[in-house]
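To start, the structure under review is shown below, and the notes come after it.
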Amino acid sequence: MHPLIFSIGKLLESSTGTREDYSFDGPVDFDGIEGASSIQGKVQIMRLDDGVNVHTSAVTISVVFQCQRCLKDFKRKVQVKNAERQFLIKAPRQPEDINDLYLIDMKKHRIDLTEMLRQEIILHFPLIPVCSNHCQGICPHCGQNLNEATCQCADEILKIQKDNKPLAALKKLIK
């Protein structure tokens, strides 16, 4: 069975406030995320009047990113400490946001946390993924990965920087 699908038939028959705790560990394919490891974490599911409340904690997965400086792929662990959503038995007549609506599969009495966790993992991505703080990137002139070798473009780059004076006209006006 899929590691992020949970059978909640007994919980749906229970009274409001009843809880069940689970752990999950297994491979998952998320749209738009290249996973490099299985996903691990804990989940607590609590019965509500109109569905269940799902609280995940200690979720970890290694993800493959592309460095924004040198364009090489690298792996980084993404951690989601806590996330919480409500899965409803039936959809409200006018949902506030259809993309933030989670429903219980009432035919099979299951919930699928895949989309919930995919969104949370993306929210925890680094703003600018870089393979290391010391990454030198690629030469803007010849494209050489400067982490692997140096290039002879330094003089050419300095010349371009000298010729590129966007405020030169303003300097003449101030005089």
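Distance between the C-alpha centres of the stretch 91-126 and the stretch 39-53: 12 Å, rounded to the whole angstrom. Give me the angle, in degrees from 0 to 90, between the Cα long axis of helix 114-123 and the longest principal axis of the Cα atoms of the chain, rounded to the nearest 10. Long axis of 114-123 versus the principal axis of the chain: about 30 degrees. Listed cross-link partners Lys10/Lys42; Lys42/Lys72; Lys10/Lys81; Lys75/Lys108; Lys42/Lys75 are compared with a 30 Å cut-off, the Cα-Cα value being larger for Lys42/Lys72; Lys75/Lys108. Less than 5 angstrom separates the built amide H of Leu146 from those of Gly137, Ile138, Cys139, all sequence-distant by 5 or more or on a different chain.
Given an 8 Å cut-off on Cα distances and at least 6 residues of separation, report the relative contact order of the chain as a percent.
On the way: 290 pairs, mean separation 31.7, N = 175.
Relative contact order of the chain: 18 percent.
Positive end of the dipole of the chain (Cβ unit charges, origin at the Cα centre): among Gln40, Gln119, Met106, the Cα lying farthest that way belongs to Gln119. Using just its DSSP H runs of length 4 or more, each adding -39500 (n - 2.57), the chain gives a mean residue ellipticity at 222 nm of -5000 deg cm²/dmol after division by all residues. Scanning the chain for GluC sites (Glu not before Pro) in DSSP loops with at most 16 neighbouring Cβ atoms within 10 Å leaves 35-95 as the longest stretch between them. For the chain, dividing the convex hull volume of the Cα atoms by the residue count gives 195 Å³ per residue.
Coordinate-derived values only; no laboratory data. No experiment lies behind these values; they were computed from the predicted model shown. Backbone-built Cβ (ideal geometry, glycine too); neighbour counts: all protein chains shown.
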